[in-house]
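The structure appears below as structure tokens.
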Amino acid sequence: QVQLVESGGGLVQAGGSMSVSCAASGRTSSSYVMAWFRQAPGKEREFVAAVRWSGGMTYYADSVKGRFTISTDSTKVTVYLQMRSLKPEDTAVYYCAAGFRNPEVAESSYDYWGQGTQVTVSS
């Protein structure tokens, strides 16, 4: 089992920046892909970004490419999502996920999920 705990989030004005983090514990593995998904009110959960623990390859949704950066800290077993130039449409609950299947953008590739953290971007 892997436990994921998100932190960060909150309220920010459009154009601002915010970071959220995800601390992993339990049976973590360097084979895992760590990802962030988000779910806005009334919408389905969607892929945001992913990173491979081994090798550090990253993947981004087109909607966040160039604005969001996913990174890891192997010593803390933590994954970060740095968000800048935030838009009201980035408002959502952000979920951390861990898994090892392909494709990285699919929810079904992930076995473990955090409880989510709210990010609200005001206009």
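The values are calculated or read from the model by the stated rules, or taken from the named source; none is laboratory data. This is a predicted model, so every value here is computed, not measured. Please note: Cβ atoms are built from the backbone with ideal geometry, for glycine as well, and neighbour counts cover all protein chains shown. Quick note on the areas: whole protein, heavy atoms, side chains included, nothing else; ligands and nucleic acids left out. Shrake-Rupley method; radii C 1.70, N 1.55, O 1.52, S 1.80 Å.
Dipole of the chain, Cα-centred, from +1 at each Lys and Arg C-beta and -1 at each Asp and Glu C-beta, to the nearest 20 debye?
Numbers: 11 positive and 10 negative charges, 36 e Å.
The calculated dipole for the chain is roughly 180 debye.
May I ask you to give the solvent-accessible area per residue for the chain, in square angstrom, as obtained with a 1.4 angstrom probe? Let's see the in-between values first.
On the way: 6200 Å² over 123 residues.
I get 50 Å² per residue for the chain.
Rounded to the nearest percent, how much of the accessible area of the range 1-110 (1.4 Å probe, protein heavy atoms only) is carbon and sulfur? Display every interim value, and only then the final one.
Numbers: 2680 of 5540 Å².
Roughly 48 percent of what the probe reaches on the range 1-110 is carbon or sulfur.
So what J values fall out for the range 34-43 if you push phi through Karplus, 6.51 cos²θ - 1.76 cosθ + 1.60 with θ = phi - 60°, rounded to Hz, Gly and Pro as x?
10, 9, 10, 10, 9, 9, 8, x, x, 10
For the chain, what relative contact order do you get, as a whole percent, if you take Cα pairs closer than 8 Å and at least 6 residues apart?
35 percent
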